[in-house]
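Asks: Just passing along the structure, written as C-alpha cells.
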Amino acid sequence: MSTMNTTDAMPNGSAAAACTPFAAARTYLSVLDLTPDALETCLALAARLKRERRLGAAAPTRQALAGHSLALLFDKPSLRTRTGFEIAMQELGGIVTCPPSADALGTREALADVARTLERWISVAAIRTFEQSRLRQIAQATTRLRVVNALTNEEHPCQALADCLTLRERCGAVRGVTLAYVGDGNNVATSLTHAAAMLGVHLRLASPAGYALPEATLAAARRMARHGARIVECEDPVDAVRGADAVYTDVWTSMGQETEATRRREAFGEYRVTGALMAQAGRDAFFMHCLPAHPGEEVDADVLDGPRSAVFDQAENRLHTQKALLLLMLGAAP
Ligand code: CP
Ligand code: NVA
C-alpha cells in the first residue's frame, strides 16, 4: 500500500507553498473563499505568468504541475473558461480530462459519489453548472479534490480574477479606481462585486427593478470591503457611469434563463452601454464585458469593437489568472 499522503500530494514536493495565504484554499467556489491578501497574491502571480509566457518552454513554471490532473465538468457551454483551463494545464505541465457532463453531472449517480471517485485520480475539478449548491455538494463530499467554480447561476469567480487583472493593467493599481456596472445583477456582477470590495475598488451598480444584485452579495461585499471601497447601487445608469474609470456590462439573459429572454429585453432596454453613455464616464474610461456579448442588446457594437474596449484583454487574462489560481491551489507557485 502506498504510504503517500494523498490528501496533500504535491508531485513537485512544493511543500514550501504551505506558507502562502492560499494554503487553505481547497475550494474556489466564490471570490469570498479567498482572503484579500490571497486575491492580491493571485493577481500578482498572474501578472508575472503573463510576462513569463513569452519564455515558452523555458518559463520557470513549465513543469510546475507535472503529475497533476484537472477535470473539466461543464453543464453549460464555454469557450474562454474551458479553453483557458486546457491551455493553462498544458503550459504548466499537467493534464486535462473532460468527462462528458451527462455522465459526471447528470442523473447517473450522486454528485457526492462523483467527487469521491474523482478525488482518487484528480487534483482539481473545475465545474460549470447551474445552482451553486451543486458545487457545494461536490466540495463537501471530498477532502482531497480542489474544486473550482467555472461559473454557476450565482457566481463566476474565475471571471472576476481576469477582470481585476485587466483593471490593474489599465489603471496601474486597482485601489481607488471607480468601476460602473450597468445591467443584470447576475453571477458576473456578484463575483465582480466581491472582488472589487476586497481590493478597494469603488463600484457603482445600475440595474432595473427586480434585477439588482442579491442582498446577500451586497452584505458580503460590505463586510469584506477593504481600503475604503464603496459599493453603491444607482437607479440611473448615467449616475453609475458619471466620471467612472471603467464601464462593465454583461448579457441581459444568462445561460439557463432563455425562457425569460423577452421579458428581460423589455426590462433592460434603458440599461444598454452606448457611445452616449460612455461619454458620461471619465475621459480615459474603458469598456469591459466578460463575453460572449450580444451587440445591440446590452452594448452597442461601436462600443464593444471600439478603441476603448478592453474585452479581449479580459479574455486573454482568463488564461493567466487561471494558471495562477491552479498553481496557488496546488501549492506549486514559483
Ligand atoms: N466569460 C466566460 O466565462 O466565457 P465562456 O462562457 O466562453 O467560458
Ligand atoms: N452571465 C453570463 C456569463 C457568461 C460568461 C451567463 O451566466 O450566461
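Nothing in this text is a laboratory measurement; each read-out follows from the coordinates by a stated rule. Values in this document were obtained by computation on a predicted structure and should not be read as measured data. Here the Cβ positions follow ideal geometry from the backbone for every residue, glycine too, while neighbour counts run over all protein chains shown.
Asks: Within the range 251-301, track down each residue that is aromatic (Phe, Trp, Tyr) and within 16 Å of ligand 1 (Cβ to nearest atom).
Replies: From the range 251-301, those aromatic (Phe, Trp, Tyr) are 252, 268, 271, 286-287; that's our starting set.
Scanning the range 251-301 gives Trp252, Phe287.
Asks: Considering Ile87, Ile127, which residue is touching a residue at least 40 places away in the same chain (Cβ under 8 Å) and surrounded by fewer than 17 Cβ atoms within 10 Å (Cβ to Cβ)? Reasoning before the result, please.
Replies: Numbers: Ile127 fails: surrounded by fewer than 17 Cβ atoms within 10 Å (Cβ to Cβ).
After ruling out the rest, the residue left standing is Ile87.
Asks: For the range 93-135, give me each residue that is part of a helix (DSSP H, G or I) and among the polar types (S, T, N, Q).
Replies: Going through the range 93-135, the residues part of a helix (DSSP H, G or I) turn out to be 101-104, 111-118, 132-135.
Hits for the range 93-135 are Ser101, Thr117, Gln132, Ser133.
Asks: Residue check, Cys171 against (1) within 16 Å of ligand 2 (Cβ to nearest atom); (2) at negative phi; (3) not β-branched (Val, Ile, Thr), all met but one. Which one?
Replies: Tallying (1) within 16 Å of ligand 2 (Cβ to nearest atom); (2) at negative phi; (3) not β-branched (Val, Ile, Thr), Cys171 fails exactly one: (1).
Asks: Got a number for residues in the range 117-155 being more than 16 Å from ligand 2 (Cβ to nearest atom), among the aromatic types (Phe, Trp, Tyr) and more than 25 Å from Gly93 (Cα to Cα)? Reasoning before the result, please.
Replies: In the first step, residues of the range 117-155 are kept if they are more than 16 Å from ligand 2 (Cβ to nearest atom); the result is 117-125, 133, 136-147.
Then drop every residue that is not among the aromatic types (Phe, Trp, Tyr), which leaves 121.
From what is left, the residues that are more than 25 Å from Gly93 (Cα to Cα) are none.
Residues that pass the stated criteria total 0.
Asks: If I go through the range 24-56 residue by residue, how many of them are surrounded by fewer than 19 Cβ atoms within 10 Å (Cβ to Cβ) and touching a His at 6+ places or on another chain (Cβ under 6 Å)?
Replies: Going through the range 24-56 one residue at a time, the tally reaches 1.
To keep it simple, each residue is scored yes or no on (1) touching a helix residue (DSSP H, G or I) at 6+ places or on another chain (Cβ under 7 Å); (2) within 16 Å of ligand 2 (Cβ to nearest atom); (3) not β-branched (Val, Ile, Thr).
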position: Asp33; (1), (2), (3): no, no, yes
position: Asp37; (1), (2), (3): no, no, yes
position: Lys76; (1), (2), (3): no, yes, yes
position: Gly93; (1), (2), (3): no, no, yes
position: Ala104; (1), (2), (3): yes, no, yes
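Asks: Got at least one residue in the range 180-187 being in contact with a Leu (Cβ under 6 Å, 6 or more places away or on another chain) and aromatic (Phe, Trp, Tyr)? Explain how you work it out, then say what you get.
Replies: Going residue by residue through the range 180-187, those that are in contact with a Leu (Cβ under 6 Å, 6 or more places away or on another chain) are 181, 185.
Narrowing further to those that are aromatic (Phe, Trp, Tyr): 181.
Yes.
Asks: While we're on this one: For the range 297-334: of the residues being surrounded by 21 or more Cβ atoms within 10 Å (Cβ to Cβ) and among the basic types (Lys, Arg), which is nearest to the chain's Cα centre (by Cα)?
Replies: Ranking the qualifying residues of the range 297-334, first place goes to Arg318.
Asks: Now for a separate question. Keeping to the range 69-116, report how many residues are β-branched (Val, Ile, Thr) and within 16 Å of ligand 1 (Cβ to nearest atom). Write out each step before concluding.
Replies: Applying the first criterion (β-branched (Val, Ile, Thr)) to the range 69-116 yields 81, 83, 87, 95-97, 107, 114.
This time we only want the ones that are within 16 Å of ligand 1 (Cβ to nearest atom), so: 81, 83, 87, 96.
Within the range 69-116, residues that are β-branched (Val, Ile, Thr) and within 16 Å of ligand 1 (Cβ to nearest atom) number 4.
Asks: If you go through the range 64-85 one residue at a time, do you hit one that is within 17 Å of the chain's Cα centre (by Cα), in a helix (DSSP H, G or I) and closer than 12 Å to Leu326 by Cβ?
Replies: There is at least one residue in the range 64-85 that is within 17 Å of the chain's Cα centre (by Cα), in a helix (DSSP H, G or I) and closer than 12 Å to Leu326 by Cβ.
Asks: Let me confirm something: among Glu154, Glu131, which residue is more than 15 Å from ligand 1 (Cβ to nearest atom) and among the charged types (D, E, K, R)? Walk me through it before giving the result.
Replies: Values: Glu154 fails: more than 15 Å from ligand 1 (Cβ to nearest atom).
When all the criteria are applied, what remains is Glu131.
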